[in-house]
Amino acid sequence: MDRLHQPLQLLPADEVAVRVAKITAAMPDGVDMLLVNDNVNLFYLTGRVFLGYVLIERDGAIRYFLRRPSVLTGEEVTEIRRPADMLGHVSFEGKTVGLMEDETPYSSLSRLADALGIVNYVNGSGCLRSARAVKTPLEIRLMKECGMRQTEVYRRIPHLYREGMTDIELQVEIERALRLAGCLGQFRCSGSEMEIFMGNVITGENADAPSPYDFAMGGAGLHPSLPVGADGSIICPGKPVMVDMNGNFNGYMTDMTRTFIAGEPSAEIERANSLSRDICAAIADAAVPGAECKALYALADEMVREAGMEPSFMGHTFHAGFVGHGLGITINEPPVLAPRSRDVLQAGNTIALEPKFVIPHVGAVGVENTYVVRPEGSAERITLAPEELVQL
């Protein structure tokens, strides 16, 4: 590709039209336009990240205002040096504008509104979040590609293990294998309170260390500045190793967890992993369009109670309040499978199911898979590594 002349818009025109139609359908009454400036939503609208803005009118008209890099070109692309330069091409006077309040600091939004003379603005983030929750066929193909490539690396994990390894040493080897396989490494999370580096490898009692982050599993981490995940524990025979690593190969993500073990697993470990698999299968069968997400959580909760394993479900010292979540460009998108969720499944939702258990003094056990909600029938699993306990 000529590096001095690149198209800003990398998505097919019909794909952009579908995405914009979903966004405008979600716009609240009284909102005249949306001004998008955050990386996640710029990528969703164009297929690339750049510094600038995408303006979406209520009638679906779309314009791109580019600050950097200036080598990007295309229809309706206008190069600007500062936000105020947009005023030569569009008027915001008397308009109610949806801004990305959930993604942009208040001070930045205030300066932007002042520079453009925007008097009336509302939070427009929900329009984009709603649109992104229902994937197009192209997005589903991209996520299936991620699932396939992530699965290939997971199958290699037993060959990366060496006796006497620590959890972080194994994680580094998995990270290396993922990166060499084309993983982008970036683990995009919505919200400033969520952060992690490429994923989570947890063994032994570290699984019971609570974390401030809203992940299904915690872990003390290597330093209090990033208190999640591997803490340098040695992988011991009979102690499970839970691997939940990055599946971002093309800007979209799949989420997959598998449990590995050096030596023979106890009956308790086998039972927990089997129940996790059964819960995934039961929820996948029930995950049809129109299904209430709180009912799907209740299904998991009922199975756990019948098995008498509620004290270790989704944690032990600390219990995560969900059993599944939507994902795509970010790892935490709607819908969420939680007791008080108001979300209802739609065809095209992509969800990660992660019924996990923390057995005191033993470790974390369970599986996680990514599924696509289909128009008919059960949800389709797209993370296809073997679900049984894997020997290291």
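Restricting to the stretch 31-69, give me the number of residues that are among the polar types (S, T, N, Q) and in contact with a strand residue (DSSP E or B) (Cβ under 6 Å, 6 or more places away or on another chain). Selection size over the stretch 31-69: 1.
Residue-by-condition table, conditions (1) under 29 Å from ARG176 (Cβ atoms); (2) surrounded by fewer than 18 Cβ atoms within 10 Å (Cβ to Cβ); (3) touching a Phe, Trp or Tyr at 6+ places or on another chain (Cβ under 9 Å):
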{"residue": "ASP231", "(1), (2), (3)": "yes, no, no"}
{"residue": "MET242", "(1), (2), (3)": "yes, no, yes"}
{"residue": "TYR252", "(1), (2), (3)": "yes, no, no"}
{"residue": "MET256", "(1), (2), (3)": "yes, no, yes"}
{"residue": "PRO265", "(1), (2), (3)": "yes, no, no"}
{"residue": "LEU296", "(1), (2), (3)": "no, no, no"}
{"residue": "PRO334", "(1), (2), (3)": "no, no, no"}
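Would you check if ASN349 is within 20 Å of PHE43 (Cα to Cα) and out of contact with any helix residue (DSSP H, G or I) (no Cβ under 9 Å at 6 or more places or on another chain)? Talk me through it step by step, then tell me what you get.
Details: within 20 Å of PHE43 (Cα to Cα): yes; out of contact with any helix residue (DSSP H, G or I) (no Cβ under 9 Å at 6 or more places or on another chain): no.
Taking the combined requirement at face value, the residue does not satisfy it.
Selection of the stretch 242-285 for residues being part of a helix (DSSP H, G or I) and free of Cβ contacts under 8 Å to residues at least 40 places away in the same chain yields ALA267, ARG271, SER274, ASP278, ALA281, ALA282.
Yes or no, residue by residue, for (1) assigned by TED's automatic domain parsing to the domain that holds VAL16; (2) assigned to a helix (DSSP H, G or I); (3) surrounded by 18 or more Cβ atoms within 10 Å (Cβ to Cβ):
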{"residue": "GLU103", "(1), (2), (3)": "yes, no, yes"}
{"residue": "GLY126", "(1), (2), (3)": "yes, yes, no"}
{"residue": "GLY147", "(1), (2), (3)": "no, yes, yes"}
{"residue": "GLN186", "(1), (2), (3)": "no, no, no"}
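Among the residues of the stretch 269-287, is any in contact with a Ser or Thr (Cβ under 9 Å, 6 or more places away or on another chain), at pLDDT below 95 and surrounded by fewer than 16 Cβ atoms within 10 Å (Cβ to Cβ)? No, there is no match, as no residue in the stretch 269-287 is in contact with a Ser or Thr (Cβ under 9 Å, 6 or more places away or on another chain), at pLDDT below 95 and surrounded by fewer than 16 Cβ atoms within 10 Å (Cβ to Cβ).
Restricting to the stretch 346-366, name every residue that is surrounded by fewer than 24 Cβ atoms within 10 Å (Cβ to Cβ) and either of a type in the set (Gly, Ala, Ser) or not in a strand (DSSP E or B) (or both).
Within the stretch 346-366, the subset surrounded by fewer than 24 Cβ atoms within 10 Å (Cβ to Cβ) is 346-348, 359-362.
The answer is GLN346, ALA347, GLY348, PRO360, HIS361, VAL362.
The values are calculated or read from the model by the stated rules, or taken from the named source; none is laboratory data. Keep in mind that what you see is a predicted model, and the values were worked out from it rather than measured. All Cβ positions, glycine included, derive from the backbone under ideal geometry; neighbour counts span all protein chains shown.
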